[in-house]
Every structure is written in C-alpha cells, then in structure tokens.
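K.L.:
Input: one structure, supplied below.
A short reminder: the numbers here are calculations on the coordinates, not readings from a lab. None of the values given here were measured: they were computed from a predicted structure. Cβ coordinates were reconstructed from backbone atoms using ideal geometry, including for glycine residues, and neighbour counts include every protein chain displayed.
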Amino acid sequence: MTAKRALVSVVDDDESVRESLPDLIRIFGFDIRAFSSAAEFLDSEWLSMTDCPILDVAMPGMSCPELEEELIRRGERIPVVFITAHKDENDRIPLMENGAVACLFKPFSDIALQETLDRVFARGSPAQLRVPAQLRHVRHHRLIYGSLRKPYSAGKGQVSP
C-alpha cells in the first residue's frame with residue numbers, strides 16, 4: 001500500500017500562476033489542484049482533502065486572508081502559505097501573526113517554494129497537519145524564532161533551566 005501524497009491547492013486569480021505552479025509542485029512530489037478564486041476553492045470537493053493551500057493575498061472578491069479565516073471557521077485547520085506581489089514587510093507580519101506558515105514574495109524561486117513545502121510537511125503526515133489554530137501559531141513562532149530555550153515544566157508552573 002502506498003502512502004497518500006499530500007494535496008497542495010493553489011488559489012490565485014493570475015492564470016500564469018495557476019498554470020506554472022502546479023507543474024513545479026508536482027515535481028516536488030505533491031498532488032496539486034488550482035483555483036481561480038476563494039469562492040471556487042471553498043465550493044470545491046477538494047477543500048476537505050487539501051493539506052496545504054497556497055493563497056495569493058490580493059484577489060478580487062474574498063481576499064485570501066479572509067479565506068484563511070473562513071477555513072478556520074469551517075474547522076479546516078491546515079497550514080497556509082501566502083504568496084504576494086506586494087513586497088511590503090508590514091503587510092507580511094499580520095499574515096504570519098495570524099498563523100500562516102510562510103509568506104513568499106513574487107517572484108519567488110523554486111528553491112524557496114520547495115523549502116517552504118518541505119518545512120510544512122516535515123512536521124508530520126498530512127493528517128497530522130490538521131491541528132488547532134493555536135498550535136499552528138506556536139509552530140509558526142518556533143519556525144521563525146527557533147525552539148524555546150527554556151521549556152515549561154507542565155504541572156509545576158515553573159520554567160526549567
């Protein structure tokens with residue numbers, strides 16, 4: 001029996017992105033679906049099977065940050081990667097603080113995308129990636145800032161040396 005390949009869904013209104021990213025992501029060894037809008041993705045049969053969506057930040061209609069909120073509201077607590085052509089670090093920070101695992105600036109390299117997906121899926125099997133948003137937030141901070149140096153001692157209310 002072969003292991004299930006992780007499903008990555010790309011949501012971007014730019015047709016060239018929807019045509020090129022799937023080819024690259026398949027080379028990385030993932031299954032892939034592409035959608036032209038947040039509404040199309042939300043209405044698809046693939047939503048519940050998606051292990052990691054790659055969402056364009058600025059799209060007509062529902063924005064992808066709003067899409068991420070809708071996924072959480074529906075109980076789809078999966079790691080999210082944002083992509084954007086707006087190279088403003090001030091726009092990136094709120095996305096990361098709200099639990100995204102990465103925000104890549106277009107144009108990004110194939111290496112940057114592969115490293116991002118490798119980090120996402122190195123954390124466990126696709127089923128293990130469906131975790132509460134609070135844990136995703138903790139994972140984000142560990143990814144960005146490294147492991148905590150002084151782990152909390154459960155039950156004792158103390159920080160261990």
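K.L.:
Taking amide H positions as placed 1.01 Å from N in the peptide plane, with prolines and chain starts having none, which residues 5 or more places from Ala34, or on another chain, fall under 5 Å of its amide H?
P.N.:
Excluding prolines and chain starts, which carry no amide H, the hits are Val10.
K.L.:
A follow-up question, please. Between the DSSP loop rule and a limit of at most 13 other Cβ atoms within 10 Å, which trypsin sites (Lys or Arg not before Pro) in the stretch 58-88 are left? If you can, show how the numbers build up before the last one.
P.N.:
Working: sites: Arg73, Arg74, Arg77, Lys87; in loops: Arg74, Arg77, Lys87.
Passing sites in the stretch 58-88 are Arg74, Lys87.
K.L.:
Shifting gears a bit: What does the charge count near Ser20 come to, summing +1 for each Lys or Arg and -1 for each Asp or Glu among other residues with Cβ under 12 Å from its Cβ?
P.N.:
-3
K.L.:
Rounded to the nearest 0.05, what FRET efficiency do Asp23 and Ser48 give with R0 = 25 Å and r taken as the Cβ-Cβ distance? Could you check? Don't skip to the answer; put the middle values down first.
P.N.:
Values: r = 25 Å, r/R0 = 0.98.
E(calc), rounded to 0.05, equals 0.55.
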